[in-house]
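Since the structure comes first, as structure tokens, the remarks are kept for the end.
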Amino acid sequence: MSERGAGRASAHERRRHEFRPNYVSFAGTYQCNLACPHCSVPIEWRDRLPVPVALRFLEECRELGVEWLGFTGGEPFVYPEFVIDVARRGAALGFRFDKIVTNGAWQSGRAHAETVLAGLLDAGFTGTLGVSVDRFHPVGTAPVAEFCRAAAAVFRRDDVLALSYASPSRHEGLEKLRLLAKELGGAFEWSELLGRYLLVTDDLSMTASWNHLAPVERAEDLASAWDGRWFEEDWCEGPGQAFIVNPRGEVKPCCGFASDLDQLTIGNVREHSARELARRGRAHPYVGKVFREGLVAIREQVLRDHKNAVPGATSNHCFFCWFALTRGLAEGVPGRGGQIGRWCTEGPGTDGRP
């Protein structure tokens, strides 16, 4: 999904403070060929969302007025038939495509990558392939460069690829990106105009989006995200206002760090229609409040009721949301999650279950 704040909603829509999803993203599988130490996704799940279930929900989303479609995982391309079939139906329904988030190293060779990507192109996919490249991905730059060349050859669009990297700050953690630029024979430089880094080759122009690294799930022993600055209210317009569908059919309202916590589940596509899920999101004791009153309101409640439970201030919205939910600090929802779903402790709001 897009970098936080790169809104898909109009200025008028952003003034409507309620849950009104305009984006649907499918994780057909959480399985992955890599095991990155900073990943907050339960890649241990073997579930795969059936294509017919996804197609039915996709059609309901379009009837509801949802405009954008994206894919994430796990690694989406270990379940290529899901991505291709859903993309084909999405194109026929008139969806606008966002990213397919990939590690760019799933293929057995360039021919394999080109075959799968050609099927995606034939399906009508017009979005971008978002490739994660940073020091946490246990793979060299050679296979990623191979994937980039395959994408350029198949799509013949210089903007078909985008990059993302996780690091404590925007100007850190760039080593693998620079190596990838060298591997591709390109240049990697900061753009004052765009406010982000660019990797440019003869065939490709790739923006690099920064993901604020946070100590969640597998990365809970990394450096803290308590950086001494409080986040500003953005009404979750970047990562939120979405139906994020996981391999079990569970639906969450955002793609942030907390998106795999049970506390954010607003329903299941096997049981609820898109219209019902939108209503359930607005009525949810936490989700409804986040979109109606804002995450700052949640923060004020947490600091008021549990002032000693928060060790500092953080500029990272998604980390604070995850922290408050796993510790049971937010009103109306129990505390659990973290450490790949096994984190539990005694404290306010905690139900004691792993």
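The values are calculated or read from the model by the stated rules, or taken from the named source; none is laboratory data. Everything numeric in this text was worked out from a predicted model, so none of it was measured. Here Cβ is always computed from backbone atoms with ideal geometry, including for glycine, and neighbour counts include all displayed protein chains. Calculation scope for accessible area: heavy atoms of the full protein, side chains included, ligands and nucleic acids excluded. Shrake-Rupley method; radii C 1.70, N 1.55, O 1.52, S 1.80 Å.
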| query | What is the residue count in the stretch 105-130 for residues that are under 21 Å from T201 (Cα atoms) and surrounded by 17 or more Cβ atoms within 10 Å (Cβ to Cβ)? | reply | 8
| Complete set of residues in the stretch 181-195 that are under 23 Å from the mean Cα position of the chain (by Cα) and surrounded by 15 or more Cβ atoms within 10 Å (Cβ to Cβ) | none
| Single residue of the stretch 220-234 satisfying the filter (modelled with pLDDT of 95 or more and in contact with a Lys or Arg (Cβ under 9 Å, 6 or more places away or on another chain)) that is least open to solvent (accessible area, probe 1.4 Å) | F231
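Rundown of residues vs (1) of a type in the set (A, V, I, L, M, F, W, C); (2) more than 26 Å from R299 (Cα to Cα); (3) at pLDDT 95 or above; (4) open to solvent by less than 20 Å² (accessible area, probe 1.4 Å), yes/no style:
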site	(1), (2), (3), (4)
F147	yes, yes, yes, yes
R156	no, yes, yes, no
Y165	no, yes, yes, yes
L179	yes, yes, yes, no
L199	yes, yes, yes, yes
R218	no, no, no, no
G238	no, no, no, yes
A242	yes, no, yes, yes
F257	yes, no, no, no
| How many residues does the stretch 131-145 hold that are open to solvent by 30 Å² or more (accessible area, probe 1.4 Å), touching a residue at least 40 places away in the same chain (Cβ under 8 Å) and over 21 Å from the mean Cα position of the chain (by Cα)? | 1
| remark: When R248 is run through (1) assigned to a strand (DSSP E or B); (2) touching a residue at least 60 places away in the same chain (Cβ under 8 Å), the failure sits at (1)
| query | Looking at (1) within 19 Å of A242 (Cβ to Cβ); (2) assigned to a loop (DSSP other than H, G, I, E, B); (3) modelled with pLDDT under 95, can you tell me which one W322 breaks? | reply | (2)
| field | Among residues of the stretch 84-104, those that are buried (at least 17 other Cβ atoms within 10 Å of the Cβ) and at positive phi, counted | value | 1
| Could you count how many residues in the stretch 53-83 are open to solvent by less than 20 Å² (accessible area, probe 1.4 Å), part of a helix (DSSP H, G or I) and among the aliphatic types (A, V, I, L, M)? | 3
| message | Looking at S25, S10 in this structure, which one is among the small types (G, A, S), farther than 27 Å from G140 by Cβ and at pLDDT 90 or above? | response | S25
| note | the stretch 274-319: helices (runs of 4 or more DSSP H) wholly inside it with 1 or more residues that are within 30 Å of E59 (Cα to Cα) are 274-283, 287-293
| request: Return the pairs, sorted by first residue and then second, in which the second residue is not in a helix (DSSP H, G or I), the first residue lies in the stretch 53-66 and is of a type in the set (K, R), the beta carbons are less than 8 Å apart, and the residues are 6+ apart or on different chains. | output: R56/V269; R62/G94; R62/F95
| task | Give the stretch 291-325 a look and list any residue that's crowded, with 24+ Cβ neighbours inside 10 Å and out of contact with any strand residue (DSSP E or B) (no Cβ under 8 Å at 6 or more places or on another chain), or say none. | result | F291, H317, F320, C321, W322, F323, A324
